[in-house]
Amino acid sequence: MKTLATVITILVPATAFAATGMREDSSGIFVWVFLGFCALIVVAQVVPALLLMFGMAKGISSVVHEEMAPIKK
């Protein structure tokens, strides 16, 4: 009996927070337009940042290759 009480004490709080069914998504078209606009802003910020990072890496690598090149007389 004591074991049963322990099992019930452990399982009852775990099952109390279980989902009862599927969550209904009632988002309208305006929500999706807003999220698409937000994604467009993020992409518009990421593309120049990536171009800047690749340009900096290219500049640093060219400086390193110039310093490592043998000196010509």
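Pick from region 52-73 the residues that are in a loop (DSSP other than H, G, I, E, B) and of a type in the set (A, V, I, L, M, F, W, C): which of them is surrounded by the most Cβ atoms within 10 Å (Cβ to Cβ)?
Going through the qualifying residues, I end up with A69.
Which one of A49, A44, A18 is at pLDDT below 70 and either surrounded by 10 or more Cβ atoms within 10 Å (Cβ to Cβ) or of a type outside the set (V, I, T) (or both)?
The match here is A18.
The values are calculated or read from the model by the stated rules, or taken from the named source; none is laboratory data. Treat the numbers as computed from the prediction; the structure is a model and nothing was measured. Backbone-built Cβ (ideal geometry, glycine too); neighbour counts: all protein chains shown.
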